[in-house]
Protein chains: 2
Amino acid sequence: MREEEIQTPCLILDLDALEHNIRKMGNFAKANGMRHRAHGKMHKSVDVLRLQQELGSAIGVCCQKVSEAEVFARAGVKDILISNQVRDPAKIDRLARLPRYGARTIVCVDDIANVADLSAAAQKHGTALECFVEIDCGAGRCGVKTAAEVVAIAKTINAAPGLKFTGIQAYQGAMQHLDKYEDRKAKLDAAIAQVGKAVEALKKEGLEPELVSGGGTGSYYFESGSGVYNELQCGSYAFMDADYGRILDKNGKRIDKGEWENALFILTSVMSHAKRDKAICDAGLKAQSVDSGLPFIYGRDDVKYVKCSDEHGVIEDPLGVLKVNEKLRLVPGHCDPTCNVHDWYVGVRNGVVETVWPVSARGKAY
Amino acid sequence: MREEEIQTPCLILDLDALEHNIRKMGNFAKANGMRHRAHGKMHKSVDVLRLQQELGSAIGVCCQKVSEAEVFARAGVKDILISNQVRDPAKIDRLARLPRYGARTIVCVDDIANVADLSAAAQKHGTALECFVEIDCGAGRCGVKTAAEVVAIAKTINAAPGLKFTGIQAYQGAMQHLDKYEDRKAKLDAAIAQVGKAVEALKKEGLEPELVSGGGTGSYYFESGSGVYNELQCGSYAFMDADYGRILDKNGKRIDKGEWENALFILTSVMSHAKRDKAICDAGLKAQSVDSGLPFIYGRDDVKYVKCSDEHGVIEDPLGVLKVNEKLRLVPGHCDPTCNVHDWYVGVRNGVVETVWPVSARGKAY
């Protein structure tokens, strides 16, 4: 089947671009002596993760929820980090069963009160859970801030049966989308200093962390050169999106114009053109998330996606060049929640459908 | 199971509130001699539609895509309008097969060039399709504007084998969310005048439309009193959301404080409270769409949902009153695309789970 025959709206993956991105990050991590734990919350796909392991250098996956981890564990992934807290008793029970699939299972902790519950569940199921202490190094969400808190939680973990303290989770989420390289560097320098202090404090207590994990598509070169981190969690690099694409590299160039290629698109069709200067396409809010802005139309400067409602996108077409049923590739504003709306990825190479992959963990937000 | 035991994030429906809203709209439509064609694109649920037919006065459904219509047709719904254009050849073929399920099948047309394709497909499958001509009465999306265009398309439809012109689609989507009643009325008055002219022009040609369809939760009382419309398409009234909730009725009162009750909630749990004045909950962008603003926390003035990322919501908790694992009901900003992220509705009455309904047409955007 050719790309033009696909019924829209639909997610398509340009397989050449995807493989290029995956190889590039894999080589970067290897060359810099970093583990790459690919973030599965972005693609939610067992098939994309396999590619990251086979063509890239991914050592396993991180994800955000127990329900996602279950999908990856059942698919045979052997190293899984839930880069988030798990507090609900029913979810802790599910978490403690994950090692039975043969997966190293790691969870984040930012509260001493969580430790006893995790320990009890691991003992109940006869499993071993590893724990990272989460540091809030600027994202402003979960995590503790001071080295003293980190040490106190790590000690409590190591004293708890069934648990082992093995690392630090420190993802600076708030800086990833700052346009300027220097602005991102300043934020990351501060984060590295903060995490470094916690690592020193842990070492003094004989609790040197095996893994210090973090880093995203807007920052991975900073963590890699830090001497503090040894594990990256980049996810969006593989697909790219409009919001990441506009950030600038060291040389002031958009990162989707050289560093990474756009591999993810929403394929859409023009389905009404009753006004000469305005085309209506079939990809609206049911086909994407616009939390980080509207999509752009790939490879076209003559037409512009300007408005989004439930089922429609409004496209400015000042010259009236678009035809009904014409297909366009949209680059979504934000890849993660856009992928989560769809059931399938259609993999395309040279304009021909090569594969269809399920969004394996779609809707697994619990 | 009690509401507190549900694993979050998750959509819950307050069944008392839902039934109240459905009965109220049903009674309104009956009392005003209007057909109510409930909009299925909002809930995408066969079970909610059944309630709208049994407790309310819904005569059938409208939806936006052929894939949605297939779900409702297979569930036995007998009157289905696709309130949208269908242009792709493969989708037209699927559309023309729908009447075989025993459903009256209506589709919108805003381009004469569409008519021959619809006619050919109906003939191929030996079925009959009804057509509404769509008027753009202010939404600025699909639809033609002038009475002359409406008449020309209607004539072409009626001359085409397998097709029948039976009505007008005229939904003023752009005014539904204007806060002030008078502002909404001014927009709707203009729409009614425009649609009225088209109806008059059609009558002169012997093409009086059987149905004139439109109206949403912010406007249905205007269409009902117009003498031009005879069919309403309200959908959001059944669930309510934060964006609709803040519009004002005739007396300046928010419509979620009397006219309708909040029936739809995202149930969320506090999963981190490492900072005293900030709680992190587990409902972010994977649990909702924030295109129309952030959710509010139902029934609470002391805490506020202020920020949303992929998996997290940040809640200001100045007094530190929230506890980890505490559950909160969020009213989403926009119900339609929020429902489309979830696989299930959990129906709750008096704090106890009574039923679980699939979001039957989730992801059916094609």
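A compact table of results
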{"item": "Qualifying residue in region B:79-101 (condition: more than 9 Å from every other protein chain (Cβ to nearest Cβ), assigned to a loop (DSSP other than H, G, I, E, B), open to solvent by 20 Å² or more (accessible area, probe 1.4 Å) and free of Cβ contacts under 8 Å to residues at least 40 places away in the same chain)", "result": "no"}
{"item": "Qualifying residues in region B:150-182 (those that are more than 14 Å from chain A (Cβ to nearest Cβ) and part of a loop (DSSP other than H, G, I, E, B)) - the one most open to solvent (accessible area, probe 1.4 Å)", "result": "B:Lys180"}
{"item": "Tally, over region B:290-306, of residues that are within 26 Å of the chain's Cα centre (by Cα) and more than 8 Å from chain A (Cβ to nearest Cβ)", "result": "9"}
{"item": "Those residues of region B:310-363 which are charged (D, E, K, R) and without any contact (Cβ under 8 Å) to a residue 40 or more places away in the chain, in sequence order", "result": "B:Asp310, B:Glu311, B:Glu316, B:Asp343"}
{"item": "Members of region A:126-149 found to be part of a strand (DSSP E or B), aliphatic (A, V, I, L, M) and more than 13 Å from every other protein chain (Cβ to nearest Cβ), listed by number", "result": "A:Leu129"}
{"item": "Those residues of region A:52-65 which are within 14 Å of another protein chain (Cβ to nearest Cβ) and part of a loop (DSSP other than H, G, I, E, B), in sequence order", "result": "A:Gln64, A:Lys65"}
{"item": "Some residue of region B:183-200 being part of a loop (DSSP other than H, G, I, E, B), at pLDDT 95 or above and not aromatic (Phe, Trp, Tyr)", "result": "no"}
{"item": "Among the candidates B:Ala283, B:Ala279, B:Ala201, B:Ala287, residue that is more than 18 Å from the chain's Cα centre (by Cα) and more than 14 Å from chain A (Cβ to nearest Cβ)", "result": "B:Ala201"}
{"item": "Pairs, first on the phi < 0 side of the Ramachandran plot in region A:253-264, second crowded, with 19+ Cβ neighbours inside 10 Å and among the basic types (Lys, Arg), C-beta under 9 Å, six or more apart", "result": "A:Asn262/A:Arg329"}
{"item": "Set A:Tyr345, A:Tyr366: member being of a type in the set (Phe, Trp, Tyr), touching an Asp or Glu at 6+ places or on another chain (Cβ under 9 Å) and facing another protein chain (nearest Cβ under 10 Å)", "result": "A:Tyr366"}
{"item": "Set B:Glu5, B:Glu68: member being within 12 Å of chain A (Cβ to nearest Cβ) and either open to solvent by 10 Å² or more (accessible area, probe 1.4 Å) or hydroxyl-bearing (Ser, Thr, Tyr) (or both)", "result": "B:Glu5"}
{"item": "Lone qualifier among A:Thr127, A:Thr146 - being in contact with a Leu (Cβ under 8 Å, 6 or more places away or on another chain) and among the polar types (S, T, N, Q)", "result": "A:Thr127"}
{"item": "Condition met for B:Gly245 (touching a strand residue (DSSP E or B) at 6+ places or on another chain (Cβ under 7 Å), of a type in the set (Gly, Ala, Ser) and in contact (Cβ under 8 Å) with a residue 24 or more places away in the chain)", "result": "yes"}
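Residue-wise test of (1) under 18 Å from B:Cys10 (Cα atoms); (2) charged (D, E, K, R).
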{"residue": "B:Val290", "(1), (2)": "yes, no"}
{"residue": "B:Asp302", "(1), (2)": "no, yes"}
{"residue": "B:Lys307", "(1), (2)": "no, yes"}
{"residue": "B:Asp310", "(1), (2)": "yes, yes"}
{"residue": "B:Val314", "(1), (2)": "yes, no"}
{"residue": "B:Lys323", "(1), (2)": "no, yes"}
{"residue": "B:Glu326", "(1), (2)": "yes, yes"}
{"residue": "B:Arg329", "(1), (2)": "yes, yes"}
{"residue": "B:Gly333", "(1), (2)": "yes, no"}
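The values are calculated or read from the model by the stated rules, or taken from the named source; none is laboratory data. The structure presented is a predicted model; accordingly, all values stated were derived computationally and were not measured. Cβ sites come from the backbone with ideal geometry, for glycine too, and all protein chains shown count toward neighbours. Side chains included, ligands, DNA and RNA excluded: accessible areas come from the protein's heavy atoms. Shrake-Rupley method; radii C 1.70, N 1.55, O 1.52, S 1.80 Å.
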